[in-house]
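Taking it in order: structure first as structure tokens, then the write-up.
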Amino acid sequence: MDGLIAQIAVAAPLDRLLSYRVPESLEAEVRCGMRVRVPLGRRTAIGYVLEVGPGKLDALKPVHEVLGSEPLFPPAMEKFYRRAADYYQYPIGEVIRTALPAGLSGGGNEVKALAERIYRSSAAAGTPRGPRQRELLDYLHRVGCASRSELTTMFPGCHASLKALVEKGFVLEGQQERMRDPFSDMPPAADTQVEMTEPQSQALNVIDQALREGGFRQMLLHGVTGSGKTEVYLRAIEQVLRADRQALVLVPEIALTPQLVSRFRARFAGGRATLAVLHSGLSAGERFDAWRSVARGEVDIVIGARSAVFAPLERLGMVIVDEEHESSYKQGDGFRYHARDLALMRGQMEEAVVLLGSATPALTTFQRACSGKITFLELPERVMNRSMPQVELIDLTQERPEGILAPLLKDALSANYERGEQSLLLLNRRGFAPYLLCADCGDTLRCPHCDITLTYYLAQKELRCNYCDFHRQPPDQCPSCQGANLMPEGAGTERLEQELQELLPAARIARMDRDTTGRKGAHQAMVTAMEDGAVDVLVGTQMVAKGLDFPGVTLVGVVQTDNLLNLPDFRAAERAFTLLTQVAGRAGRGERPGKVYVQTYAPEHFALECSVRHDYEGFAREELRLRQELGYPPFGFLVNCVFSGVLREQVETAAQKLVAQLSGPAAKLGVEVLGPAPCPLARLRGKNRYQVLLKAPTRPPLRHLLTRLPGMRRTLPGKVGLTVDVDPLDML
Ligand code: ADP
Ligand code: ZN
């Protein structure tokens, strides 16, 4: 019997599309881009229609139900999804599920999930037991009402205490609509009309030319910090809009880039263009609404983080990837895509211009620019003849600090404060101290579930694992030797803040890290306080290095570099150089010049020497030379296969089995198989982890080898998980 057949990507771990019969009653509704419910084995599953056409129905099962009334993506996206799935060897249905806005994944026609669980303190008498419950209750008394996600950010691992409080009647649980656009109450920045600098104009000319010619072009805008990259983006987009096409702007993290978003709003709001900001602060319903209006073609400019690369724009003229080197563009679990790489793939398929911008391009990007694949655009100087900050290394082997800060940096901070200028300090560790050390036996307190020391938090008097939910009160005695001399060792932002307050008792100090920015609006409040000059010194983790533009900052201090340089990862030097350059770039962006001090035990390291000279190219060339010797990216391609499970031996055996199965075909294809070896973080959240790294000088043999994985996956013992990471960034 003939009829209509739909090719459907079912949201399940399947490596191909499935065919379903379209019942006559649904013929009008089953179209590309529709979400449907289909039978799968003995259950039903959600799927996405990719194609519909005539064919033999035979024994095909029918589509059960069509969900929603309009397509979620235009037909052009279908090819993009397929290529992405193929590239990352990830099930196509899961790729599409990841791409679509969250909150859709359940069944039903309506998008629900508008509500979020919230908690408020009740009038119940008595006192709860345990410091943790008291702490939670105190907090709720103070703020009145808080969402579950807010509480778990403020008090990691608080589920049990929260539940106890609710059960005892101290806390009331309820539901509330999710928060609205966190930027909506922010006045848009005034749009400043500036005269373009010569390099800005030149870069823009090349971009305009490419836009007029049409077709796919990839470009790298390498502009030093404060060189005015954003202005180039804004003008390029004006050009895109004039050609009646749409623009997609990817930023690393929306919540951390309020200044950039408000500059876009200022330029395009007020009827000049419709702008949608996709971000995680939106409720599921709002996100779905925004998505739908993009899919209907009502939006000209989409700004969003990683997942916005899937925004269903149909007339895409340009994709901008700001701070393209940022590792947050890579998804760390599930479908492990890299948004910059997918932006390039999408640009190629939809004949758009892709503009990658950074002061510190990823080495893979720079190498492509050197080889001529990417057009290289450069903004070598800061705007308004502002100078680059002067960077000075403080050799800690010579200048031993009493506490965290060397005398030189202390003096500079005091002097800067006396002058009434703002300072910024980077320390890439949260908490008070990275561990408690027993002064008697030298043991440290470690997480029972992870291969990592427990971080000590002074304010909460708590030891906490930064990877899992584990936390405990610090013991009075060492668990190994019963000694009573447990000392907080090393430094985190909390301790730095304390030392700073002692140094400058009258100064207004703010701390910006994941612990202080969990609450809604907290990050924004700190940014505003810095902008208004209400903060003298901002202390924080790498958050402070990201894209912020505070003209009042004239002094930057980097407290620790050695932990960055010594990570067991071939990208350690690249990451260190990038972070240093980015944080240094926060200094001297206003009228007064900036000064940067970097504390280190390895002042002769080339990554540091190059950052002193602001020499990106020098660093890149040296690092590329090392990579080439070792065949690491961009001169080789990697796939990381990570096995994990509770029983170490089972995991190791599974990994060995994979190696045995792969090594024959790998040798024929010229793929190196490295391992199995325990991951650098050999235990995480109670699971033992082994990795097998596949490495080849070109991509095709790797991809060929990967097609064998689904078969091998089926032979794994049920309790061992396997994740496959194509182009891995994090290999710890
Ligand atoms: P980048 O992103 O390259 O670090 P920004 O785009 O944030 O730099 O620009 C830094 C500052 O310079 C911003 O405050 C911006 O408004 C300003 N600016 C940009 N272009 C010009 C220009 N041509 N003339 C004067 N100021 C400019
Ligand atoms: Zn842990």
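The values are calculated or read from the model by the stated rules, or taken from the named source; none is laboratory data. What you see is a predicted model; the values in this text were computed from it and never measured. All Cβ positions, even for glycine, are placed from backbone atoms using ideal geometry, and neighbour counts span all protein chains on display.
Each row is one residue, and each column tells you yes or no for (1) among the β-branched types (Val, Ile, Thr); (2) at pLDDT below 95; (3) assigned to a loop (DSSP other than H, G, I, E, B); (4) buried (at least 19 other Cβ atoms within 10 Å of the Cβ).
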residue	(1), (2), (3), (4)
Arg589	no, yes, yes, yes
Arg592	no, yes, yes, no
Val598	yes, no, no, yes
Glu623	no, no, no, yes
Gln628	no, yes, no, no
Glu649	no, yes, no, no
Gln661	no, yes, no, no
Pro665	no, yes, no, no
Requested in this report: Could you please let me know if Arg272 is outside any helix (DSSP H, G or I) and away from ligand 2 (no atom under 16 Å from the Cβ)?
Outcome: yes
Query raised in the report: Can you name the condition, by its number, that Ala573 falls short on among (1) surrounded by 18 or more Cβ atoms within 10 Å (Cβ to Cβ); (2) part of a loop (DSSP other than H, G, I, E, B); (3) aliphatic (A, V, I, L, M)?
Result: (2)
Query raised in the report: Among all residue pairs at least 6 apart or on different chains, which show Cβ distances below 8 Å where the first residue, located in the stretch 665-682, is under 22 Å from Val651 (Cβ atoms) and touching a residue at least 12 places away in the same chain (Cβ under 8 Å) and the second is part of a strand (DSSP E or B) and of a type in the set (Asp, Glu)?
Result: Ala666/Glu672
Query raised in the report: In the list Arg117, Arg142, Arg129, which residue meets the criterion of being modelled with pLDDT of 65 or more and assigned to a loop (DSSP other than H, G, I, E, B)?
Result: Arg129
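Please determine, by comparing only the residues of the stretch 541-551 that are more than 17 Å from Arg575 (Cβ to Cβ) and buried (at least 19 other Cβ atoms within 10 Å of the Cβ), which one is nearest to ligand 2 (Cβ to nearest atom).
Leu548
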Query raised in the report: Looking only at residues in the stretch 351-408 that are in a loop (DSSP other than H, G, I, E, B) and among the basic types (Lys, Arg), which one is surrounded by the fewest Cβ atoms within 10 Å (Cβ to Cβ)?
Result: Arg400
Query - Top-ranked residue of the stretch 671-716 - restricted to ones that are assigned to a loop (DSSP other than H, G, I, E, B) and loosely packed, with under 13 Cβ neighbours inside 10 Å, ranked as farthest from ligand 1 (Cβ to nearest atom) - result: Thr715
Query raised in the report: What are the residues in the stretch 235-265 that are in contact with a helix residue (DSSP H, G or I) (Cβ under 7 Å, 6 or more places away or on another chain), within 14 Å of Leu211 (Cβ to Cβ) and in a helix (DSSP H, G or I), if any?
Result: Arg235, Ala236, Gln239, Val240
Requested in this report: Considering only the stretch 513-550, state which residues are away from ligand 1 (no atom under 16 Å from the Cβ), touching a strand residue (DSSP E or B) at 6+ places or on another chain (Cβ under 7 Å), outside any loop (DSSP other than H, G, I, E, B) and hydrophobic (A, V, I, L, M, F, W, C).
Outcome: Met526, Ala529, Val537, Leu538, Val539, Met543
**Report entry** Any hit, the stretch 437-451, residues being under 24 Å from the mean Cα position of the chain (by Cα) and away from ligand 1 (no atom under 16 Å from the Cβ)
**Finding:** yes
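For the stretch 409-428, enumerate the residues that are assigned to a loop (DSSP other than H, G, I, E, B) and either under 32 Å from the mean Cα position of the chain (by Cα) or under 14 Å from Gly540 (Cα atoms) (or both). Can you show your working first?
Restricting attention to the stretch 409-428, the residues satisfying the condition of being assigned to a loop (DSSP other than H, G, I, E, B) are 419-421, 427-428.
Once the filter is applied, which keeps residues that are assigned to a loop (DSSP other than H, G, I, E, B) and either under 32 Å from the mean Cα position of the chain (by Cα) or under 14 Å from Gly540 (Cα atoms) (or both), the stretch 409-428 yields Glu421, Leu427, Asn428.
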Query raised in the report: So, of the residues in the stretch 451-488 that are loosely packed, with under 15 Cβ neighbours inside 10 Å and not in a loop (DSSP other than H, G, I, E, B), which turns out to be nearest to ligand 2 (Cβ to nearest atom)?
Result: Arg472
Requested in this report: Pairs only if they're at least six apart or on different chains, beta carbon under 6 angstrom, first in the stretch 372-385 and in contact (Cβ under 8 Å) with a residue 24 or more places away in the chain, second part of a loop (DSSP other than H, G, I, E, B) and more than 11 Å from ligand 1 (Cβ to nearest atom); list them, first residue then second.
Outcome: none
Requested in this report: Among residues belonging to the stretch 518-527 that are in contact (Cβ under 8 Å) with a residue 60 or more places away in the chain and under 15 Å from Ala146 (Cα atoms), point out the one that is surrounded by the fewest Cβ atoms within 10 Å (Cβ to Cβ).
Outcome: Gly521
Report summary line: Flagged in the stretch 489-524 as of a type in the set (A, V, I, L, M) and either at pLDDT below 90 or within 16 Å of ligand 2 (Cβ to nearest atom) (or both), in numbering order, are Ala522
Query - Test set (1) over 30 Å from Arg346 (Cα atoms); (2) surrounded by 16 or more Cβ atoms within 10 Å (Cβ to Cβ); (3) modelled with pLDDT of 85 or more - Pro199 fails condition number - result: (1)
Query raised in the report: Can you pull out the residues in the stretch 207-226 that are within 24 Å of Ser371 (Cβ to Cβ) and either among the hydroxyl-bearing types (Ser, Thr, Tyr) or crowded, with 18+ Cβ neighbours inside 10 Å (or both)?
Result: Ile207, Ala210, Leu211, Arg217, Gln218, Met219, Leu220, Leu221, His222, Gly223, Val224
Requested in this report: Among the candidates Pro634, Pro680, Pro676, Pro697, single out the residue that is within 16 Å of ligand 2 (Cβ to nearest atom), out of contact with any His (no Cβ under 8 Å at 6 or more places or on another chain) and closer than 28 Å to Thr364 by Cβ.
Outcome: Pro680
